[in-house]
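Student: Attaching a single structure in structure tokens format; questions to follow.
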Amino acid sequence: MSEIEVARAKVLENVLAERERQDSIWGDQRDNTDDMWALIALEELGEVAKDINDTKLGSAYTEIIQVAAVMVAWAESLRRRGVMKNYD
């Protein structure tokens, strides 16, 4: 496996673990509106920006994983609502 493949696999593993963590904390968020998903994602992205500004790159990585997991959750929500039928 190349270095990029290893990094990609580890990042995706971290995102999936974060999704599981989010589900254990927040439960099923099926009823979130798209506006709510956008607010959650922007709040997490703001934390990334703060950590980068404060040169806390390790913490920024954690926040980036959280942003990615929120986006996955939002995509899952869209799929469960039947919005993304073209991606089957």
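Student: Here are several values of mean projected area of the Cα convex hull in nm²: [x] 5.1; [y] 7.1; [z] 12.0. Which one was derived from the coordinates shown?
Tutor: Of the listed options [x] 5.1; [y] 7.1; [z] 12.0, [y] comes from this structure.
Student: Also, I was wondering about something else. Counting other C-beta atoms within 10 Å, and keeping those with at most 14, which DSSP coil trypsin sites (Lys or Arg not before Pro) do you find in the chain?
Tutor: Working: sites: ARG8, LYS10, ARG19, ARG21, ARG30, LYS50, LYS56, ARG79, ARG80, ARG81, LYS85; in loops: ARG30, LYS56, ARG81.
Passing sites in the chain are ARG30, LYS56, ARG81.
Student: To continue, here is another question. Which one of VAL70, ALA60, GLY82 has its Cα pushed farthest toward the positive end of the charge dipole of region 3-87, where Lys and Arg give +1 and Asp and Glu give -1 at the Cβ?
Tutor: About the Cα centre, the residue reaching furthest to the positive side is GLY82.
Student: OK, next. Taking θ as phi - 60°, what are the ³J(HN,Hα) couplings along region 68-79 by the Karplus curve (6.51, -1.76, 1.60), each to the nearest whole Hz, with x for Gly and Pro?
Tutor: Result, rounded to whole Hz: 4, 5, 5, 5, 5, 4, 5, 4, 4, 4, 4, 4.
Student: Next question. Relative contact order of region 3-87, please, whole-number percent, based on alpha carbon pairs below 8 angstrom and at least 6 residues apart. Please list the in-between numbers first.
Tutor: Working: 44 pairs, mean separation 31.2, N = 85.
For region 3-87, the relative contact order is 37 percent.
Student: Take the alpha-carbon centre of region 44-82, take the same for region 3-19, and report the distance between them in whole Å.
Tutor: Each part's Cα centre sits 14 Å from the other's.
Student: Can you work out ³J(HN,Hα) from phi for every residue in region 40-53, in order, using Karplus 6.51 cos²θ - 1.76 cosθ + 1.60 and θ = phi - 60°, giving whole Hz and x for Gly and Pro?
Tutor: 4, 4, 5, 4, 5, 5, x, 5, 4, 4, 5, 5, 5, 4
Student: Same structure, new question: How much net charge surrounds LYS56 when only the other residues with a Cβ under 13 Å from the Cβ of LYS56 are counted, with Lys and Arg +1 and Asp and Glu -1? Display every interim value, and only then the final one.
Tutor: Details: positive: LYS50; negative: GLU47, ASP51, ASP54, GLU63.
Here the count lands on -3.
Here, each number is a calculation from the coordinates, and none is a lab measurement. Everything numeric in this text was worked out from a predicted model, so none of it was measured. Note that we place each Cβ from the backbone using ideal geometry, even for glycine, and neighbour counts take in every protein chain shown.
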